[in-house]
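A short worksheet on the structure shown next.
The values are calculated or read from the model by the stated rules, or taken from the named source; none is laboratory data. Keep in mind that what you see is a predicted model, and the values were worked out from it rather than measured. Because the Cβ atoms are built from the backbone with ideal geometry, glycine has one as well, and the counts that use them run over all protein chains shown.
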Amino acid sequence: MDDLALAWIRLEVLGALRSERKSCLRPLASDSVAAGFPSPADDYIETGIDLNDALIRHPSSTFFLRVSGDSMRGAGIQHGDLLIVDRSLEFRSGKIVVAVIEGAFTLKRLVQHQGQWHLEAAHPAYPATPLNDDLDHCLWGVASHAIHAL
Amino acid sequence: MPSNDPATRPATGRATVLIDGNNFYASCEAVVDPSLIGRALVVLSNNDGCIVSRSAEARALGIPMGTPYFKVRSALERQGVIVRSSNYALYADMSQRMMATLEPWVEELEIYSIDEAFGQLHRLRDGGDLTSWGQQVRHTVLRQLGLPVAVGIAPSKVLAKLANKLAKSSASHGGVFDLGTVLDPAPYLEAVPIEDVWGIGRKLSRWCRLRGVANAKALRDMPNGELRRKCGVVGLRLQHELQGVACIPMELVPSSKRETCVSRSFSQPIRELPQLKQAIATYLSRAAEKLRRQGQRTGAITVFVRSSPFNGTSFYSRAATVSLALASNDTAVLLAAALPLAEKLFHPHKPLQKAGVLMQQLVGEDTLQHHLLVPLPEEQQQRRRSLMATIDRLNKRYGQGSVQWAACGFTPPWQMQRSRLSRAATTRLGEIPIVYA
C-alpha cells in the first residue's frame, strides 16, 4: 500500500488549507439540532456575503481582464486592477468599455459628441480617438467594476 | 441547389432546432485573444496531432479538416496560419456559457455535444416562421459571448440537423434556416448526400448506395418495407423524421453511460514497460474518478495499446481484458487488476504511440451485489469510499493531479504535448487577458 501512504501524506499537507477555506463558506446559523425548541435565529439564516453575487449579474456573459496602463486613472481605474466586463450590457455614451483596436483589448470611455462616437481616456495626456471607418475596431463589452488591491 | 427564395407555407406546432457553434474551438480562441480575429487559425487535436478546427479564413485557404499536423506544418508556416493546441479548459467554459445563454430561448434544451444543442419551442408568431427568432439567438450569442452560431429549424431532429447544415453552407441564409416553412423541402433534401444524414452509419449508407438511394430525399421516399427488413425500427424512425414527423425524443437528462473510456496519444513513443505502466495507471485513475463522479462501478476493464499508423514499421495494436469478481470504482482495486495487462501488451520492439483503458459492464453504485466474495468488511469499505471521495474533492479543488497514485509517476516524459497551448483565459485568474488602458 505504498501508493495509499503517499496519498495520505499529500492529504495532510492540503488538509490545513482546506479547513481554512471551508470556514468562510459556512452559514452563520443553522438548524442542526433536531431536539428541543427551534432556534429563534433560524428565520434569519444568512449564507454570508458572496462577491460573485454582488458583482456579477450575468455570469455567462461576464469576463475578467487585467488592466495595463494608466490612461483611465481619472476614472479610478489603475494599472494592475482586475476588470469585470459584462458583454450583455448595452453600449451607451458615458460607459467605460473594452474595445478591440487593431487586434488588442483597449479600455476607454465611450462618448457620443455631436453625433460622432469617440473613445476617450481619463487622463489629460491621451487624446480621444474617433470611431470611424479608418480605424479597425469593434466594441467588445461594457466594464462594470474594477477591483483594486490596496 | 434550389433557389434561395423558396415558396413558403405557414407552419404550426412544435419546432425542433439545432444550434451549433461555427468553428467552435477556433472561435473560442479568438474570444480571449482579439489579435486572432480575422486571421487564419487552426486548432490541433491532442498531442498536436491533427487539425480539428479551422477559422473561416483558414477554411478559405483550403486547409482540410483532420490533416495530420506534421504533414502541413511547413505549408501552414508559409501561409502565415496561426496554430494552437487544444485548450479544453477554455472550450468547456465557453461551451457552458453558450448553453446557459441558449437556455431561455427555447422551451427545452438538450446539450448534444460541446458545441451543439437541440431545442424545442412552439411556432407562435409570423405564420410560424422562426427565422427572425433564429437571427435574434444568433445575435445574442455573438454579442454576449463573441461566438458565431448557426441555427437550423425544422419539424424533427434529423431535419433540424440538415437545416443547420444548409444555414451554414449558403451565405444568403445568414446562419439561420427554417426548413419547416418551406413549401417543398424536396430539392433541399436531394442536395444532401446520404452519408451526411444524421444517424446514418457507414454500413447503412453503403447499403443505401447499393440500392441507388444516394441522398436524403431518396431515403425519405424509399419503400419502408425494405428499410424495415434491413434495419428495423431505427431505419423507420429515420425515415419518419425525414418526412417531418418527430420521433426521436429530446434527451433532457443525459443517459447514464454504459462504457467509459480514457485514452491519449503519447508525446513521444513509449519503448519501456515502466513508462507504459505509468501511462496506464494514469488513465486508470482518471477513469476511476469518472466512474465515481457518475456514481458507477465497472465489472470489466480493457486495456489497449497501438503503435503509430504513420511511421514505416509494421502497425502494432493489441488489447486485453480483465473481469472483476466484484464491480468496483476503487482506484487501488482497478490498478491491481489491470496493471498486469500492460506486461502482456508491451512489446520491446514496437514503440507505442497510444494507449487507453475502457471500462465496461458498468453498474450503478447503489446496485446491490450478492456475492460470496466480499473482499472487505463493511466498515473498511466505507473508509475506502470516503478516501476516494476525499481524493476526488482535493483534485477538483486544487487541480487535476494534486493527489495521485505513485504508480502514475511524476512528470513523465510521455505526457500530452500541447506546445501551442493558449491560456486558461476564462477560468484561471492568473491567466486572464490584458486590456490596455
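Could you tell me which of the residues B:Phe304, B:Phe266 is surrounded by 20 or more Cβ atoms within 10 Å (Cβ to Cβ) and assigned to a strand (DSSP E or B)? So the residue among B:Phe304, B:Phe266 that is surrounded by 20 or more Cβ atoms within 10 Å (Cβ to Cβ) and assigned to a strand (DSSP E or B) is B:Phe266. Selection within segment A:86-112: residues that are of a type in the set (S, T, N, Q) and within 9 Å of chain B (Cβ to nearest Cβ). The member of this set that is nearest to B:Glu431 (Cα to Cα) is A:Thr106.
Of the residues making up segment A:92-150, those that are more than 15 Å from B:Ala437 (Cα to Cα), in a loop (DSSP other than H, G, I, E, B) and at pLDDT below 95 number 10.
Evaluation of B:Glu379 against the conditions (1) exposed (fewer than 15 other Cβ atoms within 10 Å of the Cβ); (2) part of a loop (DSSP other than H, G, I, E, B); (3) modelled with pLDDT under 80; (4) not basic (Lys, Arg) shows that the sole unmet condition is (2).
For segment B:226-261, the set of residues classified as in a loop (DSSP other than H, G, I, E, B), modelled with pLDDT of 90 or more and of a type in the set (A, V, I, L, M, F, W, C) consists of B:Val245, B:Ala246, listed by residue number. Taking the listed residues B:Ser35, B:Ser53, B:Ser74, B:Ser27, the one that is in contact (Cβ under 8 Å) with a residue 12 or more places away in the chain, part of a helix (DSSP H, G or I) and polar (S, T, N, Q) is B:Ser27, with no other qualifying.
Residue by residue, here is whether (1) over 15 Å from B:Thr426 (Cα atoms); (2) assigned to a loop (DSSP other than H, G, I, E, B); (3) more than 8 Å from chain B (Cβ to nearest Cβ); (4) hydrophobic (A, V, I, L, M, F, W, C) holds:
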residue: A:Ile49; (1), (2), (3), (4): yes, yes, yes, yes
residue: A:Asn52; (1), (2), (3), (4): no, no, yes, no
residue: A:Ser60; (1), (2), (3), (4): no, no, no, no
residue: A:Phe63; (1), (2), (3), (4): no, no, no, yes
residue: A:Ser71; (1), (2), (3), (4): yes, yes, no, no
residue: A:Gln78; (1), (2), (3), (4): yes, yes, yes, no
residue: A:Ile84; (1), (2), (3), (4): no, no, yes, yes
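If you filter segment B:401-437 down to residues that are at pLDDT 85 or above, over 20 Å from B:Leu41 (Cβ atoms) and of a type in the set (Gly, Ala, Ser), you find that the one that is surrounded by the most Cβ atoms within 10 Å (Cβ to Cβ) is B:Ala437. List the number of the failed condition for B:Ala117; all other conditions in (1) in a helix (DSSP H, G or I); (2) under 22 Å from the mean Cα position of the chain (by Cα); (3) under 30 Å from B:Glu251 (Cα atoms) hold. Here B:Ala117 meets the rest and fails (1). Scanning segment B:298-313 for residues that are of a type in the set (Gly, Ala, Ser) and touching a Lys or Arg at 6+ places or on another chain (Cβ under 7 Å) turns up at least one hit. Looking only at residues of segment B:122-160 that are assigned to a strand (DSSP E or B) and at pLDDT 95 or above, we find that the one that is farthest from B:Asp184 (Cα to Cα) is B:Val149.
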